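Everything below concerns the one structure shown next.
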Amino acid sequence: MKLSDRVPASRMLVIIVTVLLVMTAVAISSTVIALDSLGSARERAVGAIEPAAREAKDLNRSLLDQETGLRGYVLTGELSFLTPYSDGQSAERRAADAVRGHVGDLNGRVGRIESLARQWREEYAELTIANIRHSGPALAPPQDTDRGRVIFDQLRAEVAGLQTDIGELSQAARDELDRAASLVLWLVIGMGVLLVAVIGGLSALLHRLLIGPLASLAEQVRQVASGDFHHEIDVHGPLETVMLGDDVNTMRHRIVQELATLDAAKTELQRSNSELEQFAYVASHDLQEPLRKVASFCQLLQRRYGGQLDERADQYIGFAVDGAKRMQGLINDLLAFSRVGRITRERTAVDLNQTVNHLVDSFSERIEETHATLVVGDLPSVRGEPSLLSAVFQNLISNALKFKGQDAPIVNIEAERDGDMWKFSVHDNGIGIEPEYADRIFVIFQRLHPKDAYPGTGIGLAMCRKIVEYHGGTIWLKTDVDSGTRFEFTLPADDQPEEANA
């Protein structure tokens, strides 16, 4: 499949998130509508029908109060019995208005109740009250009593019908409330099931479209990173994953090409090292013999004919002897420098206290001549080649005694633990070294003074750096000292010297 035909992961995520948001919006909207219906049903049941039922009872009670008050007045003629009759009329009007306000005029019953109540009062109650006021308590005519009973019975029937109608409304409202509650419940359950299904489906889809290809790409990249640079990365999935795989393939091809170049450079370096070894062999054997012969015969000339020739001849012979000796020293130092790290010996635990003490003994004549003082601290044991480590301290002590100032040389040799390394310092009170030469002094054949001023070949510090780095450490010139010269270098700590000795 072409890259242009692949769908980017960002577009996949937008589509998935859009679908999820639409489904969530639909589910939430349905739930909100159902909850609104539930609230409306509850409001109708609780806020309208139940109060209407209570007002219908009050309406019935007000009619009964009117009938009871009228009957007491008929029997006794006491005006106090007309109080329930009068209050009942007010209660009747209030209850009728309240019922009509809550549920309306159900089947016209409220209007008929008000009409029958008015008819009962006009055709029976008011006439009866007027007769009693005129002639005192007496039995009403049977035809009037029957007429009042018939109207009131009709009134009771209408009130009972009103209560029945309100009860039916209440039952219908409860049924509607139950249906709305059930709908909300099923919507919530359905939304939960839908969300679980959608999340599960989206998880599987994301795993197939994104996570699976990324995991495959990561596994193949780890295989390449482990060294299998010829493994061709083949990955499927969204556009970004495929492009990332192509980028890794491009990087892998470049690494393969660079490795091929490095192999060629390595072969050339091995050839060059082989030639250097041959040169070192020639320098150590073929050049040494004629040089020794020149030096020997020049010395013979000096001993045999010294004083017999003129002064200039003696000077020429001295120049030849000195040049031959310096050439021998230079060749020997160069041989020693080239052998560091090339001719390896087994590393053992080296007691640097003992090594430095032997060097101090070897420098005893020079120390006595310069009136030098060597202060050697407690030095540790490290793991390495004894002869090479001895050469480091030998060069540093020799330089401290060579480049002395006006005062007698004082050389301090110390060591301190620095994590997994030992840090050593060799500090003297000599002429010092300018900070700008801190790197130059470790380059082979680099001298800061004329050959006539101070002897040497300019290899000593380069030899120290090569030996220290060969043992896994670092050497440097400390530039922030008040006077003299301070060299510091590190060597890996050997925490088990006894095992190393064994």
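Quick note: the coordinates plus some simple rules give every number you see, no bench work behind them. Model, not experiment: these values are computed from the prediction. All Cβ positions, glycine included, derive from the backbone under ideal geometry; neighbour counts span all protein chains shown.
Points to keep in mind about this one:
- Long-range Cα-Cα pairs in the range 53-158 (distance over 16 Å), rounded percent: 56 percent
- Among 22-30, 352-360, 60-68, the order from most to least packed when residues are scored by Cβ within 10 Å on average: 60-68, 352-360, 22-30
- Radius of gyration and maximum dimension Dmax of the range 109-262, Cα, Å: 46.2, 141
- Here the extension length gained between Val17 and Gln299 equals 91.8 nm, from 0.36 nm per residue of separation less the Cα-Cα distance.
- Summarising the label geometry, the points placed 7 Å from Cα in the beta-carbon direction at Glu232 and Lys266 lie 2.6 nm from one another.
- The stretch between Glu488 and Phe319 holds 57.0 nm of extra length on full extension. This uses 0.36 nm per residue minus the Cα-Cα distance.
- Amide H partners (placed H, <5 Å) of Arg383, local residues excluded: Val350, Asp494
- Values of log10 I(q)/I(0), in the order q = 0.27 Å⁻¹, for the range 223-276 under a Debye, Cα-only, solvent-free model: -0.99
- Modelled FRET efficiency - R0 25 Å, His253 with Ile211, Cβ distances, 0.05 increments: 0.35
- Cross-link pairs out of Lys404/Lys466; Lys404/Lys478; Lys402/Lys423 include none exceeding 27 Å in C-alpha to C-alpha distance.
- The Glu219 and Thr474 beta-carbon pair, evaluated with R₀ = 60 Å, returns a calculated FRET efficiency of approximately 0.90.
- A Förster radius of 30 Å combined with the Cβ-Cβ distance from Ser90 to Ser40 puts the calculated FRET efficiency at roughly 0.35.
- The label-point distance for Lys423 and Glu368, in a model that sets each label 7 Å from Cα toward Cβ, rounds to 3.8 nm.
- Calculated on alpha-carbon atoms, Rg and Dmax of the range 119-208 in Å: 32.5, 105
- Our estimate of slack between Ser30 and Glu434, defined as 0.36 nm per intervening residue step minus the Cα-Cα distance, is 136.9 nm.
- The ellipsoid equivalent to the alpha-carbon distribution of the range 175-283 has semi-axes of 67, 12, 7 angstrom, derived from the gyration tensor eigenvalues as √(5λ) and listed largest first.
- For the range 355-369 versus the range 21-67, the inter-centroid distance based on Cα atoms is 113 Å.
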